[in-house]
Amino acid sequence: MKSKIVFLGLAFLLYSGYVSAQGLKIGGKIGASLYKIDDVSFSDQFGWGYHAGGFIEAMWSKTMGIQPEVIFNQSNTKTATSFDQLYQGVNPGILKDVKLNYLSIPVLLNFKPITFVTFQAGPQFSLLMSKEKTLLQNGQAAFKSNNVSMLAGVQLNLFQFRIYGRYGIGLTNENNINTQDKWNNRGIQVGAGITF
């Protein structure tokens, strides 16, 4: 039910942006992602990943608009040595790589005070496509199937090219094992795109 509401809301935003947009541009993007999960169960270091996808720039005026995106987003991190103490069933003392692949849908408000700079902020809805199910020997899914983050960043507009950097904070507890610990992600996205 929640996912239906989210997709209906996104469809409405896309439609309203299309109808009232003064300028509509479609583009593709690719970049690097640095993510970590804030909890004693995980490494405090950022892990490298990547993201790629498409976006629509729909400007209502010269300075304001909306930018919905659909991107494949990979997040990598490691468990900490305390993970096996908090959650039984893993080999003690072994750091485990955690690779999470998401289909992410950011919906960003664009504020363009000058032609070459756009400030962006908005929510990002992510659906987990694949997850690490071997963290626990019983195969229990460790991570929730969806999450919501808040993004903020800046984009440089060089003719049809886009160069951007964003910071994201997870608003959802991703721990699907128990309610004892809260796993919230945070990360940085940097990349480049092109409009057509």
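Some points to look at:
- Listed here are the strands (runs of 3 or more DSSP E) enclosed by segment 108-196 that have at least 1 residues being out of contact with any Cys (no Cβ under 9 Å at 6 or more places or on another chain), surrounded by fewer than 18 Cβ atoms within 10 Å (Cβ to Cβ) and at pLDDT below 95: 117-130, 146-158, 184-195.
- Subset of segment 178-194 that is more than 15 Å from Tyr50 (Cα to Cα) and of a type in the set (A, V, I, L, M, F, W, C) - its residue that is nearest to the chain's Cα centre (by Cα): Trp183
- For segment 47-71, a residue qualifies if it is farther than 16 Å from Leu151 by Cβ and of a type in the set (Phe, Trp, Tyr), and the qualifying residues are Trp48, Tyr50, Trp60.
- Taking segment 16-61 as the range and being assigned to a strand (DSSP E or B), more than 17 Å from the chain's Cα centre (by Cα) and at pLDDT below 90 as the test, the residues that pass are Gly23, Phe42.
The values are calculated or read from the model by the stated rules, or taken from the named source; none is laboratory data. Given the structure is predicted, the values throughout are model-derived calculations rather than measurements. Methodologically, a virtual Cβ is constructed for each residue, glycine included, from the backbone with ideal geometry; neighbour enumeration extends over all protein chains shown.
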